[in-house]
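> What follows is a structure written as structure tokens; I'll ask about it next.
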Amino acid sequence: MNASAAAPGRDPALSYRAIFISDLHLGTRGCRSDFLADFLRRVSCEQLYLVGDIIDGWRLRKSWYWDAAHDDVLRLILQHARRGATVTYIPGNHDEMFRAWLPIGLEVAGVKLCREAEHTMVDGRRLLVMHGDEFDSVVRYAKFLALLGDWAYTAALVVNRWFNAARRRLGYPYWSLSAWLKRQVKEAVKAIDRFETALAGEARRRGFDGVVCGHIHQAEMREVGGVLYLNDGDWVESCTALVEHHDGRLELIDWADLNRLSFFASRGALTAQAA
Ligand SMILES: [Mn+2]
């Protein structure tokens, strides 16, 4: 069954058995909803997994950003469901308000809400599908710290500019932000490694052949301790999706790179052209 492949606008070369996307962060300015809508418009699939942080609820409470492309994304996801794709929505930590609905087994407009899912590949291998924040001790044990982290990152860059302007006036040398960032990157690499090891370990313990997750905005496809570690990335810092081809091949798709889309391109340019 693959009726959606014949639908107008769909590219037959972009027909997949399964598509995994996460960390869209709809409702924020950071979401590349224009690129995402382009992706969702052109692909077709039998199974679509939304692996968390789809709608950004934390920010939703403070500020809210929504444009036509954000509407398109929701409309296109529902369209995939209507055309026969099995759509599974696994809430993440930014859309954890949906986790309250998990016990009743909610299904809305063909979109099924689950805490985690199991995906069986065409060759029979079983993948555990989860967002992954369960293994992020900072987010899990101190939401306050995580919120602060988010805010602090943006603030740090602004502060640095003022800080160095003041230092210059007082005759002090420039305090290197790049050195500081390098230290942060080193720590981040270590954190990513711990995250990957934890997720792969969970899959192995529970007898799965691999794990599909998101959360850390770092697309990856590799073997960790004998199981597959598959991270589908994000649609904020990069525009990536994990797909399973009809023949069972797994692939990480970098949509911006594949289509030579520029992150500096103005929003709406793509939407206008596709409309
Ligand atoms: Mn997350």
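The values are calculated or read from the model by the stated rules, or taken from the named source; none is laboratory data. It should be emphasised that the depicted structure is a prediction, and the values quoted were computed from it without experimental measurement. Note that each Cβ is placed from the backbone with ideal geometry, even for glycine, and that neighbours are counted across all protein chains shown.
> Have a look at ALA146, ALA188 and point out the one that is within 25 Å of ASN231 (Cα to Cα), loosely packed, with under 14 Cβ neighbours inside 10 Å, within 16 Å of the ligand (Cβ to nearest atom) and modelled with pLDDT under 80.
On the way: ALA146 fails: loosely packed, with under 14 Cβ neighbours inside 10 Å.
Just one listed residue meets the conditions, ALA188.
> Would you check if LEU78 is out of contact with any Pro (no Cβ under 8 Å at 6 or more places or on another chain), surrounded by fewer than 23 Cβ atoms within 10 Å (Cβ to Cβ) and in contact (Cβ under 8 Å) with a residue 12 or more places away in the chain?
In short, yes.
> Next question. Do we have VAL51 as buried (at least 20 other Cβ atoms within 10 Å of the Cβ) and either of a type in the set (A, V, I, L, M, F, W, C) or free of Cβ contacts under 8 Å to residues at least 24 places away in the same chain (or both) here?
Yes: the conditions hold for VAL51.
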